[in-house]
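Written below as structure tokens is the structure these notes are about.
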Amino acid sequence: MSAPTTETAESSDSARASLEALRTEIAKAVVGQDPAVTGLVVALLCRGHVLLEGVPGVAKTLLVRALAASLELDTKRVQFTPDLMPGDITGSLVYDARTAEFSFQPGPVFTNLLIADEINRTPPKTQSALLEAMEERQVTVDGTPRSLPDPFLVAATQNPVEYEGTYPLPEAQLDRFLLKLTVPLPTRDDEINVLNRHAEGFNPRDLQAAGVRPVAGPADLDAARAAVAKTAVSPEIAGYIVDICRATRESPSLALGVSPRGATALLSTARAWAWLTGRDYVIPDDVKALALPTLRHRVQLRPEAEMEGVTADSVITAILAHVPVPR
């Protein structure tokens, strides 16, 4: 019995080391943004999807491309526009004149990492087609379901400062994203580093020339997911997560609190973070570390609170400070 246990532990440690090496590899292309890198890795471990929010030019797309190159995964990018149709995402039946038959042409959703640029610029019908693929991990065309690859992660981006001509994602659709990560502007030192790299000839469109190499693969991801699934969660930690989520439903600043789906999402992300930091059990600090990115998009502020400058992050931070922490 001890040999399989030792072998499993070695496999888990090897997978963790490979995923930790992602930081170093992605840093060859992207300066800073460690929290966003960690969030994307957590999403991969939890089979979830990520909404990246940041102003144009902060390397949101480059970040996902560098992650895909470091993981030896296939990636595709779609620029969402008002005239984009659902079939442009999922694929469609195309008539072949040579065979006089219709054949299915897969859309860009058939990939491992899909970059959905400016998802809020396309109408709800097309948004729904993508979100259905995210939830069901398959697309149905002409009554035939077709499974998507595994792993499959959607990294959708949106611009937080320009809303003219956009179709904001409704709360029910936002809830389908495991994490909402904010990609901030770089610090002064990081921005100088970015300029120095470009002065030395860095080309963001050529990651291979930048030295980005695969340091992990699907086997590492499978081993990591198996280890995360075995990460222990005590009844006290489960109660702590529930208390945090229930507190959002009672907050006077919020019109909509976190649903039970949000609670299970926080459980999943806390387990992944615990494993990444080298533990096989979850502690309250793991829950606190992932509470903001996991919950910020699952709550809705009251208009009067929003007018007073209250934010979802400030409400959740206050709740974390007041909910009793299990000992």
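Rounded to the nearest 5, what is the percent of antiparallel bridges among the DSSP beta bridges in the chain?
On the way: 12 of 30 bridges.
Antiparallel bridges make up about 40 percent of those DSSP assigns within the chain.
If you average the alpha carbon positions of the stretch 19-83 and of the stretch 260-327, how far apart do those two centres end up, in angstrom?
21
Give the long-range amide H neighbours of residue 255: residues separated by 5 or more places, or on another chain, with amide H under 5 Å away, using H modelled in the peptide plane at 1.01 Å from N.
Under 5 Å from the amide H of residue 255: 300, 301, 302.
Between residue 95 and residue 205, what is the FRET efficiency for a Förster distance of 41 Å, r being their Cβ-Cβ separation, to the nearest 0.05? Let's see the in-between values first.
Values: r = 35 Å, r/R0 = 0.85.
Once rounded, the FRET efficiency stands at 0.70.
Heavy atoms only, 1.4 Å probe, whole protein assembly: order 135, 250 by accessible area, highest first. Walk me through the numbers on the way to the answer.
Values: 135 90, 250 135 Å².
Descending order: 250, 135.
What is the set of long-range amide H partners of residue 281 at a cut-off below 5 Å, with H atoms built 1.01 Å from backbone N?
Hits under the 5 Å cutoff: 232.
Just the accessible area for residue 95, please: 1.4 Å probe, Å², rounded to the nearest 10?
120
Excluding ligands and nucleic acids, what accessible area in Å² is computed for residue 44 using a 1.4 Å probe, to the nearest 10?
Rounded to the nearest 10, that gives 10 Å².
Could you report the accessible area of residue 176 in Å², rounded to 10, computed with a 1.4 Å probe on the protein chains as they sit in the structure?
Roll a 1.4 Å probe over it and residue 176 shows about 80 Å².
Skipping prolines and chain starts, which residues have an amide H placed within reach, meaning under 5 Å, of the one on residue 91, given they are 5 or more residues away or on another chain?
107
Just the accessible area per residue of the chain, please: how many Å² with a 1.4 Å probe?
Working: 16080 Å² over 327 residues.
With all protein chains present, the chain gives 49 Å² per residue.
What are the ³J(HN,Hα) couplings of the stretch 186-195, residue after residue, when phi is run through the Karplus curve with 6.51, -1.76, 1.60 and θ = phi - 60°? Round to Hz, x for glycine and proline.
Residue by residue, the stretch 186-195 yields x, 5, 4, 5, 5, 5, 4, 4, 4, 5 Hz.
My understanding is that a pair violates if its Cα-Cα distance is over 26 Å; which of 230/288; 60/230; 180/288; 125/180; 28/230; 28/76 do that in this structure?
On the way: 230/288 20 Å; 60/230 32 Å; 180/288 15 Å; 125/180 22 Å; 28/230 33 Å; 28/76 21 Å.
With Cα atoms farther than 26 Å apart: 60/230; 28/230.
When the Karplus curve 6.51 cos²θ - 1.76 cosθ + 1.60 is applied with θ = phi - 60°, which whole-Hz ³J(HN,Hα) does each residue of the stretch 297-311 get, with x for Gly and Pro?
My calculation for the stretch 297-311 gives 8, 9, 10, 10, 6, 6, x, 5, 5, 5, 5, 7, x, 6, 10 Hz in order.
If I take every Cα pair under 8 Å that is 6 or more residues apart in the stretch 117-211, average their sequence separation and divide by the length, what percent do I get for the relative contact order?
Numbers: 51 pairs, mean separation 27.4, N = 95.
Relative CO of the stretch 117-211 lands at 29 percent.
The values are calculated or read from the model by the stated rules, or taken from the named source; none is laboratory data. Just so it is clear, the structure is predicted and the values come from calculations on it, not from any experiment. A quick note on method: Cβ atoms are made from the backbone with ideal geometry, for glycine too, and the neighbour counts reach across all protein chains shown. Each accessible area value is taken on the protein alone, full model and side chains, heavy atoms only, with ligands, DNA and RNA left out. Shrake-Rupley method; radii C 1.70, N 1.55, O 1.52, S 1.80 Å.
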